[in-house]
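Asker: Pasting in a structure now, in structure tokens, and then I'll have a few things to ask.
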Amino acid sequence: MIALGKRGDQRVVVKVVENRGDEWNSGAVLDAFGGRGMVRVYDYIEGAVLMERLDPGSPLTGIALEGDDESATEIIAAVIRNMSPGNPPPGTPTTLELAEGFVRHRATGDKQIPAELLDGAERIFRELATTQQTTRLLHGDLQHYNVLLDSERGWLAIDPKGIVGELEYEIGAALRNPYELPQIFTAPSVIERRIRQFAGALNLDSDRILKWAFAQAVLSAVWGVEDGYSVPPESAPISLAYAIARMLDG
């Protein structure tokens, strides 16, 4: 639930998460970033957060949907560059802990996600998680819908999940969005260009970005199943996973 209001002369937003989930501690995660590249938090408890209200608050999605994906990618890279986190809040999951999602899914017997994708993604995910050199607090779901424009502060991230991992992990969510444009984000030329932009702007390892994007896409599908959604072959995460799998095979 989201409500708009004022605290004195200050325009604010109150967000309440009704059920414990991956945004339950988003207030603590926002606080750890201290407004650097993210919306400012004024107060929070578990499951609820009081934040600054961004104006006009328009999402980055619009730029990508209007056909300027290259500029949208540059903006996301700039937001990441501005996001300087402090220490992770207690209990923040690590990338290696997230890998248990593959185990949970396999135990359900659900067949929506092809076994070859699931097995390959888990192997790569665990390989990457155990070979990280430098880890930090990440947003965890940094994509076009979670980057909003403020007339004074520029582009800022909202709604963090909070994950501890290497920065290459952070790119995965952006590579499978905007979800309305699968013909764009599944094109090998676009995937390569986006990764080239991110790697160049942030001094990241292109190969690790690509592998994380594949493994994360499949894990995103796993989370979709856990949340009760169907994940057909044409869904955003499965479509991207297949596209990247072909690139990795090549």
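Asker: Over the Cα atoms of region 12-68, how large are the radius of gyration and the largest Cα-Cα distance (Dmax), in Å?
Answerer: Over region 12-68's Cα set, Rg and Dmax evaluate to 13.3, 39 Å.
Asker: Report, ordered by chain and residue number, the lysines lying within cross-link reach of K211, taken as a straight Cα distance under 22 Å and ignoring same-chain residues fewer than 8 apart.
Answerer: Hits, sequence-local ones excluded: K161.
Asker: Would you work out which of N19, W155, S84 lies farthest towards the positive end of the dipole of the chain, given +1 charges on the beta-carbon of Lys and Arg and -1 on that of Asp and Glu, about the Cα centre?
Answerer: Among N19, W155, S84, the one farthest towards the positive end of the dipole of the chain is S84.
Asker: Now for a separate question. For a protection proxy built on the mean count of beta-carbon atoms within 10 angstrom, sort 185-197, 162-174, 22-34 highest first, please.
Answerer: Listed from highest to lowest mean packing, they are 162-174, 22-34, 185-197.
Asker: On the first, second and third principal axes, largest extent first, how far apart are the outermost C-alpha atoms of region 86-206 in Å?
Answerer: If we take the Cα atoms of region 86-206, the spans are 50, 40, 25 Å.
Asker: What do the square roots of 5 times the Cα gyration tensor eigenvalues come to for the chain, in whole Å, largest first, as semi-axes of the equivalent ellipsoid?
Answerer: 29, 21, 17
Asker: Just how many % of Cα pairs in region 41-112 lie over 15 Å apart, if you round to the nearest whole percent? Write down the numbers at each step before the final one.
Answerer: Details: 1983 of 2556 pairs.
Roughly 78 percent, once rounded to a whole number.
Asker: Separate question: Below 13 Å, Cα to Cα, which aspartates and glutamates can K6 reach? Residues fewer than 8 away in the same chain don't count.
Answerer: Partners found: E52.
Asker: Would you mind computing, in nm to one decimal, how far apart the modelled labels at E100 and A115 are, each placed 7 Å from Cα along Cα→Cβ?
Answerer: Label at E100, label at A115, 2.5 nm between them.
Asker: Take the alpha-carbon centre of region 140-219, take the same for region 1-75, and report the distance between them in whole Å.
Answerer: One Cα centre to the other: 18 Å.
Asker: Something else: Say R0 is 30 Å: what FRET efficiency, to the nearest 0.05, do D150 and S230 get from their beta-carbon distance?
Answerer: Computed FRET efficiency for D150 and S230 comes out at 0.25.
Asker: While we're looking at this one, here's another question. Rounded to the nearest 20 debye, what is the charge dipole size of the chain about its Cα centre when +1 sits on each Lys and Arg Cβ and -1 on each Asp and Glu Cβ? The partial results should precede the final answer.
Answerer: Details: 24 positive and 36 negative charges, 61 e Å.
Dipole about the Cα centre, nearest 20: 300 debye.
Asker: Also, quick follow-up: Figure the gain on full extension for A3 and T130 (residue separation times 0.36 nm, minus the Cα-Cα span) and round it to one decimal in nm.
Answerer: Going from the current span to full extension adds 41.6 nm.
Asker: Hey, another quick one. Computed from the mean reciprocal separation of all distinct C-alpha pairs, what Kirkwood hydrodynamic radius does region 144-250 have, in Å?
Answerer: Evaluated on region 144-250, it is 14.6 Å.
Asker: Under a plain spin-label model, where a point goes 7 Å from the Cα along Cα-to-Cβ, how far apart in nm are S189 and Q10?
Answerer: Going by the 7 Å Cα→Cβ label model, 4.9 nm.
Asker: Report the local net charge at E226: Lys and Arg +1, Asp and Glu -1, summed over other residues whose C-beta lies under 13 Å from its C-beta.
Answerer: Around E226, the surrounding residues sum to -2.
Quick note: the coordinates plus some simple rules give every number you see, no bench work behind them. None of these values were measured; they are calculated from a predicted model. Heads up, the Cβs are rebuilt from the backbone with ideal geometry, glycines too, and the neighbour counts pull from every protein chain shown.
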